[in-house]
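FYI, it's all coordinate maths here, none of it is from the lab. Predicted model, so just to flag it, every value in this text is computed and none were measured. Virtual Cβ from ideal backbone geometry, glycine too; neighbours counted across all protein chains shown.
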Amino acid sequence: MKAIAMIPARYAASRFPAKLLQDLGGKPVIQRTYEATIASGLFSEVYVVTDHQAIFDLIQKMGGTPMMSQGEFECGSDRIAAAAAGIRADIIVNVQGDEPFIDTESLRNLLAVFTADAQKKISLASLMYPISEQEEIDNPNAVKVIVNLKDQALYFSRAAIPFPREGSGVQYFRHKGVYAFRKEALEAFPKMVMGPLEKAEKIEAIRYLEHGHAIQMVRTTHVGIGIDVPEDLEKARREWGGSSV
């Protein structure tokens, strides 16, 4: 089973433009993400798929493999699907460029889903981790996911789901934006029409659910910090041990 990683690296993020080039402990965020993915040792190749020359040049200068994407895309998975068209692979893992704390164990467990799936019933898997702080549960930048008894996704939302009608005791899970696709599933993804729920929530995984497909969620205890807004970058810098600049 050949697995590769592709890191979508869009420059003009709506909530935090140029975030991938911001300093994190002496290196840009996108470089930290790329190096962490390479360091896992799990992938035959790792590509950074970007729409901006500065990111392309940075990855090339450090000896990595950048790809320049052409055109406009609705989400990161659409971007890497276009870039992966001519690449041979069985599994393609979409590691978001703003996930510099991505860890090897989580990636290994994600790939293990496909190794164990001899009948190829699973075509897309992703990560989730438990959360309990009310501020995080209520934060719309923290995407929550609810699952069935087989840990297959039922729905993703920026709202606090599920609603604890009878008080406490509900376990909340936060979605970690890392997706592992079978190659054919990634190729099919951009051809699916974006539905009303994805448009409302702005969560790309919902597209797969709206078209009746299953997403296998994989539990992890590794939290890390995904960088969506400037406040996240400050948290990441403190975690990394660096200082604000």
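In sequence order, the range 176-183 has phi-based couplings of 9, x, 10, 10, 10, 10, 5, 4 Hz under the Karplus curve 6.51 cos²θ - 1.76 cosθ + 1.60, θ = phi - 60°, and Gly or Pro positions carry x. Prolate is the label for the range 175-245, because the ratio a/c of its alpha-carbon gyration tensor axes (a ≥ b ≥ c) is 1.5 or higher and a/b is greater than b/c. With each label modelled as a point 7 angstrom along the Cα→C-beta vector, the Ala13-Glu187 pair spans 3.1 nm. The peptide list 23-30, 71-78, 111-118, put in order of mean Cβ contacts within 10 Å with the highest first, becomes 23-30, 71-78, 111-118. When each of the peptides 225-236, 53-64 is scored by the mean number of other C-beta atoms lying within 10 Å of its residues, the order from highest to lowest reads 225-236, 53-64.
Only helices enter the 222 nm calculation for the chain: every DSSP H run of n ≥ 4 contributes -39,500 (n - 2.57), and dividing by all residues gives -8000 deg cm²/dmol, rounded to 500.
When its C-alpha radius of gyration is set against 2.2 N^0.38 Å (N residues), the range 3-54 gives a value of 1.17. Taking square-rooted eigenvalues a ≥ b ≥ c of the alpha carbon gyration tensor, is the range 69-131 rounded, prolate or oblate, where a/c under 1.5 means rounded and, failing that, a/b exceeding b/c means prolate? Since a/c reaches 1.5 but b/c is at least a/b, the shape of the range 69-131 is classed as oblate.
Would you kindly state how much longer the chain becomes between Lys150 and Asp23 on full extension, computed as 0.36 nm times their sequence separation minus their alpha carbon distance, in nm to one decimal? Fully extending the segment from Lys150 to Asp23 adds 41.7 nm.
Ordered by the count of other Cβ atoms within 10 Å of each Cβ, fewest first, Glu105, Glu201 give Glu105, Glu201.
Considering only C-alpha atoms, what is the centroid distance from the range 214-232 to the range 104-169, in Å? Cα centroid to Cα centroid, the span is 10 Å. Give the shape of the range 108-176 as rounded, prolate or oblate, defined through the alpha-carbon gyration tensor: a ≥ b ≥ c are the square roots of its eigenvalues, a/c under 1.5 means rounded, and otherwise the shape is prolate if a/b is larger than b/c and oblate if not. Prolate.
Taking the number of Cβ atoms within 10 Å of each Cβ as an exposure proxy, the fewest-first ranking of Asp90, Asp103 is Asp90, Asp103. The order of Val143, Val218, Val48, going from fewest to most other C-beta atoms within 10 Å of their C-beta, is Val218, Val143, Val48. Residues whose amide H falls under 5 Å from that of Met217, counting only those 5 or more places apart or on a different chain, are Ser126, Gln152, Ala153, with hydrogens built in the peptide plane.
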